[in-house]
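Q: Once you've had a glance at the structure underneath, I'll fire off some questions.
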Amino acid sequence: LRDEAGISSDLVDFQALDFFKFEVPESKFQLAYDYTFFCALHPSMRASWGARYADVISPGGQLIALMYPLAKSDEDRNCGPPFLLSEADYHKVLDDNFELIHVDPKCKTHDTRVGEEIITVWRRK
């Protein structure tokens, strides 16, 4: 993908690694994009997810997170994946280390997901 776009390997490096175990570079990352990873994890792993993003993103860096699938009621939130979630679930695991700076509840990544997803941007404290 990088080569197709003509982007230098000095600027972008794609790797497939275990998110919770890979060695974090000394400079850390300025940007991370979470696209449905959070909902794939069992709710018992969410605190580890938030702590790991705090480890890998440098202060001032940003985490873009697609919140999906949003629970619309008290549905069984332990049945999945994908596991149903709420904006409060993200605040619970991110607020200690991140500040929510943007919310787009009208985003549309798929026609079938209208009203079930929100794009958010969080800044690392």
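Q: Could you please give the count of residues in segment 21-39 that are open to solvent by 50 Å² or more (accessible area, probe 1.4 Å) and closer than 27 Å to GLU117 by Cβ?
A: 6
Q: Here's another thing I want to ask about it. Taking segment 49-76, which residues are charged (D, E, K, R) and open to solvent by 70 Å² or more (accessible area, probe 1.4 Å)? Working first, answer last.
A: The initial filter retains those residues of segment 49-76 that are charged (D, E, K, R), namely 52, 55, 72, 74-76.
Once the filter is applied, which keeps residues that are charged (D, E, K, R) and open to solvent by 70 Å² or more (accessible area, probe 1.4 Å), segment 49-76 yields ASP55, LYS72, ASP74, GLU75, ASP76.
Q: Within segment 89-125, how many residues are at positive phi and at pLDDT 95 or above?
A: Of segment 89-125, the ones at positive phi are 115.
From what is left, the residues that are at pLDDT 95 or above are none.
Residues flagged as at positive phi and at pLDDT 95 or above within segment 89-125 amount to 0.
Q: Check whether at least one residue in segment 36-43 is over 14 Å from the mean Cα position of the chain (by Cα) and hydrophobic (A, V, I, L, M, F, W, C), and report yes or no.
A: No, every residue in segment 36-43 fails to be over 14 Å from the mean Cα position of the chain (by Cα) and hydrophobic (A, V, I, L, M, F, W, C).
Q: Separate question: Scan segment 1-18 and tell me whether some residue there is under 22 Å from LEU85 (Cβ atoms) and open to solvent by less than 60 Å² (accessible area, probe 1.4 Å).
A: Checked against the condition, which is being under 22 Å from LEU85 (Cβ atoms) and open to solvent by less than 60 Å² (accessible area, probe 1.4 Å), segment 1-18 yields no hits at all.
Q: I need the helices (runs of 4 or more DSSP H) fully contained in segment 29-111, keeping only those with at least 1 residues that are free of Cβ contacts under 8 Å to residues at least 40 places away in the same chain and more than 25 Å from ASP18 (Cβ to Cβ).
A: Values: elements: 37-40, 46-56, 87-94.
Helices (runs of 4 or more DSSP H) meeting the threshold: 87-94.
The values are calculated or read from the model by the stated rules, or taken from the named source; none is laboratory data. Quantities reported herein were computed from a predicted structural model and do not represent experimental measurements. Every residue, glycine as well, gets a Cβ built from its backbone with ideal geometry; the counts of neighbours run over all protein chains shown. With ligands, DNA and RNA removed, areas are computed over all heavy atoms of the protein, side chains included. Shrake-Rupley method; radii C 1.70, N 1.55, O 1.52, S 1.80 Å.
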